[in-house]
Amino acid sequence: MSTLHIHRATTATPEQFVAGLTDFGPGRSKLFPNSADDHLEVHAQGSADADVTEGSGGVWERLHYDWSDPRRVVVTTTDSNVWGGHSGYTYTLTPQPDGTTDVDYVVVREARNLKGQVLRRVLRSGGKRSLTDALGATVKAIEARKPGTSR
């Protein structure tokens, strides 16, 4: 099992960041490059949780999103063609005195099969930089959204 911790500051408020993370509409790939719009399927969505399948490049996972805590979004992998066990993501959002928000992003990956084992090794060797870059792109995209809009 691999666990990566990444930190990033954003000018978005925790509410704006959660709104971006939980916007499952068209154009999601603009916020999350690893979530191709044509692979997105929302199975169910409530006011503080969702059951969604996302993926790209031959890797997909069905995820349970829980944002019942306004400062924490927990994303649990419930099914995947490569990930299993305790896989998922957690975003913890902490407002700072200067008006920014600290994003603590934790990625847990437990391989389900050989393909997952290979991807987990890639993640261990250079994946942190890739995930840091991806989080940076997500932060920029969320900051670029106009407050009160979904895009």
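We did not get these values from a lab; they are worked out from the coordinates using the rules stated. This structure is a prediction, so every number in the text was calculated from the model and none was measured. Glycine also receives a Cβ, built like all others from the backbone with ideal geometry; neighbour counts cover every protein chain displayed.
Some points to look at:
- Among the residues making up region 63-82, those that are touching a helix residue (DSSP H, G or I) at 6+ places or on another chain (Cβ under 9 Å), of a type in the set (Val, Ile, Thr) and closer than 23 Å to ALA12 by Cβ are VAL73, VAL75.
- Inter-residue pairs, beta-carbon under 7 Å, first touching a residue at least 24 places away in the same chain (Cβ under 8 Å) and under 16 Å from SER80 (Cβ atoms) and in region 27-46, second of a type in the set (Ser, Thr, Tyr) and surrounded by fewer than 17 Cβ atoms within 10 Å (Cβ to Cβ), 6+ apart: ASN34/SER56
- Residue, nearest to LEU4 (Cα to Cα), within region 67-76, restricted to residues that are over 11 Å from the mean Cα position of the chain (by Cα) and buried (at least 16 other Cβ atoms within 10 Å of the Cβ): ARG72
- Hits in region 36-50 (condition: in a strand (DSSP E or B) and closer than 26 Å to ASP102 by Cα): ASP49, ALA50
- Annotation note: of GLY46, GLY99, GLY85, GLY116, the sole residue that is over 12 Å from the mean Cα position of the chain (by Cα), of a type in the set (Gly, Ala, Ser) and under 21 Å from ALA9 (Cβ atoms) is GLY99.
- Scanning region 9-25 for any residue that is under 12 Å from the mean Cα position of the chain (by Cα), among the hydroxyl-bearing types (Ser, Thr, Tyr) and closer than 14 Å to ILE142 by Cβ turns up at least one such residue.
- Note on region 52-148: enclosed strands (runs of 3 or more DSSP E) holding 3 or more residues that are out of contact with any Leu (no Cβ under 9 Å at 6 or more places or on another chain) are 59-69, 88-95.
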